[in-house]
Amino acid sequence: MQIMTARLLIRDEMHDDLDAFYEIDSDPEVVRYVSYGPWTREECQRDLAFHIEEQHASPRTSYYLAMILRKEERLIGGCSLVIVSRRHREGELGYGLNRNYWGYGYATEAAQALLAFGFTTLQLHRIFATCHPENKGSERVMQKIGMRKEGHLRENKWGKGAWRDSLLYAIIESDWKPDQSPILSL
């Protein structure tokens, strides 16, 4: 599976991606607001193996994808779209980026592409995402792609030895604007 945007190639993760994902997921600043990490190389390897195994599920419900900066042919992050309910046509969006590439709009570009994929190819009705309340960068991405804040979830995630809150954002297919899609090809 792959999606091409103006600046990114978004494709299925591969075993050869381990070094780049380890660089991302072992960085304390990158995983500061998520419930896991920093990870060891072995933890990254297990996670990557699980993601690759999920590619072969039938029907496929999880799309864990690598973000490749086309100009540099470099893996700069990961993004995901997981179908949490086929019956309700609902998916969960996620993304993470090497901090050397923060602030350039890559997460927004990837998230927009995954919305397009979710609403067109997967025929989803609703796509949601969550972030730690202090993660202003992630919250801005959700706002830029047209998601609306639906709530503040209290102590809904356990990680790093404590309960933490999450902000919940979502978009439904009738609110999505396909003309904002950065997809060049699916």
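Which of the residues spanning region 138-169 are under 15 Å from the mean Cα position of the chain (by Cα), under 17 Å from C79 (Cβ atoms), surrounded by 14 or more Cβ atoms within 10 Å (Cβ to Cβ) and without any contact (Cβ under 8 Å) to a residue 60 or more places away in the chain?
Hits for region 138-169 are E139, V141, M142, K144, I145, M147, Y169.
Could you list, in sequence order, all residues of region 1-50 that are surrounded by fewer than 16 Cβ atoms within 10 Å (Cβ to Cβ), out of contact with any strand residue (DSSP E or B) (no Cβ under 7 Å at 6 or more places or on another chain) and either among the aromatic types (F, W, Y) or over 26 Å from E139 (Cβ atoms) (or both)?
Selection gives M14, H15, D16, D19, T40, R41, E42, E43, Q45, R46, A49, F50.
How do the pairs read when you match residues in region 48-65 that are without any contact (Cβ under 8 Å) to a residue 60 or more places away in the chain and within 10 Å of D12 (Cβ to Cβ) with residues anywhere that are buried (at least 18 other Cβ atoms within 10 Å of the Cβ) and of a type in the set (D, E, K, R), using Cβ under 7 Å and keeping only pairs 6 or more apart or on different chains?
H51/E13; I52/E13; Y64/E13
With of a type outside the set (S, T, Y), modelled with pLDDT of 95 or more and assigned to a loop (DSSP other than H, G, I, E, B) as the only criterion, which of L115, L124, L153, L167 stands out?
Going through L115, L124, L153, L167 in turn, just one is of a type outside the set (S, T, Y), modelled with pLDDT of 95 or more and assigned to a loop (DSSP other than H, G, I, E, B): L124.
For region 33-45, which residues satisfy the criterion of being within 23 Å of N135 (Cβ to Cβ) and touching a residue at least 24 places away in the same chain (Cβ under 8 Å)?
Within region 33-45, Y33, V34, S35, Y36, C44 qualify.
So is G91 within 21 Å of M142 (Cα to Cα), buried (at least 19 other Cβ atoms within 10 Å of the Cβ), in contact with a helix residue (DSSP H, G or I) (Cβ under 6 Å, 6 or more places away or on another chain) and not aliphatic (A, V, I, L, M) or not?
So G91 passes the test.
The values are calculated or read from the model by the stated rules, or taken from the named source; none is laboratory data. Bear in mind the structure is a predicted one, so any value in this text is a computation, not a measurement. Because the Cβ atoms are built from the backbone with ideal geometry, glycine has one as well, and the counts that use them run over all protein chains shown.
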